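For reference, the structure is listed below as structure tokens.
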Amino acid sequence: MGSALPQCSHIGLRSGRVEVAHLTRKRGIYYWRRRLPARLGSEVSLSLGTRGFRVAEYLAAKLDGEFFRVVATVTDLPLIRSILRAYLAECLEADSQQRLAAKPGKPVYGWGASPDDDPVDVDLDAVVDNLGDARRALAERDYRSVAHTVGGLIQRHGIPAEHRNALAQGILEVRVELFEEMKRRVLGQVPQVFSSEPTPASFPTLPTSRPPEPVGPLFSAALPSYIDLAVKDKGWRGQSLAQNEATFDMFKEVCGDLPVEQYTRRNLSEFYNTLRALPALYSKDKRWRGMTLAKIVEAAKDDPAPRLTMKTVARHFSAMGGFFTYAKRHGLIEGDNPAHGFEFPRKGRANSRRKMWEGDKLTKLFQSPVWTGCHPVFRSQPGPHVIRDEKYWLPLLGLYHGNRLEEFAQLRGEDVRQADGVWFLRVHGEDGRQIKNDQSARRVPLHPELERLGFLDYVRETAPKAGDMVFPLLKPAGPDKKLGYHFTKWWTNYRKAVGLYETALDYHSFRHGVTTKLFAAGVSTVIVDELTGHEGEGTSERVYKKDMPLPLLRDAIAKVAWPEVHISAPD
């Protein structure tokens with residue numbers, strides 16, 4: 001079904017791109033520049049006081065908003081106001097004529113509608129869709145979407161070219177006002193725009209859109225229902241739940257706790273720019289503790305510290321996109337999802353960003369003191385002791401199974417089981433354990449190398465009872481109360497001490513290595529996903545891969561081989 005809206009110079013649909021800030025760089029410092037209308041001067045230029053592009057981009061976006069607001073205010077042109085008033089009246093008159101020409105009981109704006117369709121619903125859909133586009137274009141100052149109309153009015157009335165943007169801004173506001181009035185007409189409400197013949201004198205200022213009184217819930221009120229749904233249907237728990245809740249808190253801080261229907265792409269753009277300007281360690285660095293996100297961005301503008309990765313920014317937007325999809329399905333917003341359409345460029349191939357333990361580095365790692373003999377206290381120093389605790393076992397488990405650290409750090413005696421003649425480790429989120437999501441729950445057969453090295457004997461001695469911790473020295477810590485928190489810090493310091501510290505070569509690199517080995521051995525994607533707790537892309541994979549035969553999984557995990565590693569079994 002299509003729609004035919006009134007033709008008045010004309011009511012354009014959204015197109016083009018959002019105007020972007022003008023940035024230049026002098027001696028390494030970024031400057032913001034904008035051209036002024038002719039009678040106000042040539043241009044305005046301001047140092048942003050930063051060498052970082054992301055911070056400059058964030059600050060420039062803030063300045064742009066104020067710049068266009070002020071220019072539209074100080075460009076005091078009664079002629080433009082009169083033209084806008086007349087334009088609105090022209091469009092409403094065209095709408096009135098179209099309504100009079102339509103057959104009673106038939107849609108005014110819809111064409112190709114089914115005879116069974118309610119004409120009010122057909123018209124309302126057409127108007128509401130275009131109202132959503134008009135609001136979005138206004139929020140984004142999408143002047144290109146009204147370029148044709150603006151050009152025609154400039155030519156007709158002889159308006160100076162330097163006032164093009166002021167006129168375009170007014171047209172965008174008029175379009176919102178127009179579609180609001182058309183919506184009221186469709187719903188049979190009393191017109192609110194004109195009670196008498198309009199005159200220029202009765203239109204002293206630029207028309208502004210009057211957003212309808214909020215009828216939907218605030219973001220904070222709608223959020224709990226969505227989170228509850230995500231926990232049940234998407235498997236949010238533990239880390240994934242905490243990460244997404246943190247995203248929503250950040251969004252509310254940056255964009256405010258508004259009625260859901262009032263968020264626009266402009267709000268999401270502000271959130272995007274803020275995320276890109278945040279230092280990667282903003283939540284951990286003591287310098288920024290207790291500060292708002294906006295103040296952190298301002299305080300860190302000259303700091304050369306790395307910013308949030310685009311992968312992290314994309315994760316935040318995935319959470320917001322999910323929420324607004326939910327909001328649209330439940331009638332809380334109209335139009336497009338405002339969190340969609342952003343880009344998250346990353347340098348290099350996806351599989352080149354995470355390094356992999358292999359070759360000489362892997363050999364050197366497992367020939368270091370923890371596995372060949374160390375000092376009883378200073379584990380990075382050579383000595384006579386091989387201490388088989390979490391520092392000994394967790395890297396080995398990661399090397400041969402590709403698990404996430406917390407999955408095995410929280411193992412209890414009852415999680416090491418045997419079925420069908422296969423010993424396996426049960427990963428799950430029950431009784432306070434944390435897993436990333438429902439797809440992470442699985443059975444992981446114990447690799448033959450771990451059996452050879454005596455892991456089962458270690459478990460029998462350390463965790464003889466069902467509820468005993470397999471690694472009892474690990475204690476919950478950190479913001480997420482993870483058992484692997486202190487191990488992660490030790491692991492970083494240990495790699496530095498033995499000369500093997502590299503960015504992106506960490507515990508999670510074991511996971512990358514196992515996945516690579518499995519695919520190289522010809523193991524199918526479905527089985528790789530099951531062993532590593534990764535959700536398959538296809539529906540059949542997600543639904544049917546669970547509870548695969550343990551012998552099949554054992555044969556697959558046994559294909560993970562590291563000829564570089566030679567560790568002696570206990571006597």
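Summary table below
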| read-out | value |
| --- | --- |
| Sequence of 406, 502, 358 from largest to smallest accessible area, 1.4 Å probe | 358, 502, 406 |
| For residue 318, net neighbour charge (Lys/Arg +1, Asp/Glu -1) across residues whose Cβ lies under 12 Å away | +3 |
| Sum of side-chain charges, residue 404 neighbourhood, beta-carbon under 11 Å (Lys, Arg +1; Asp, Glu -1) | +1 |
| Solvent accessible area, Å² - residue 33, 1.4 Å probe, full protein context | 80 Å² |
| Partners for residue 475 among aspartates and glutamates (Cα-Cα distance below 17 Å; same-chain residues under 8 apart left out) | 389, 390, 406, 407, 431 |
| Accessible area (Å², 1.4 Å probe, nearest 10) - residue 503 | 100 Å² |
| Where 428, 157, 512 fall by accessible area, highest first, once all protein chains stay in place (1.4 Å) | 157, 512, 428 |
| Which listed pairs, of 62/286; 391/436; 286/481; 284/465, have C-alpha distances above 29 Å, in listed order | 284/465 |
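The values are calculated or read from the model by the stated rules, or taken from the named source; none is laboratory data. This structure is a prediction, so every number in the text was calculated from the model and none was measured. Note that we place each Cβ from the backbone using ideal geometry, even for glycine, and neighbour counts take in every protein chain shown. Note: accessible area is taken over every heavy atom of the protein model, side chains too, but ligands, DNA and RNA are not part of it. Shrake-Rupley method; radii C 1.70, N 1.55, O 1.52, S 1.80 Å.
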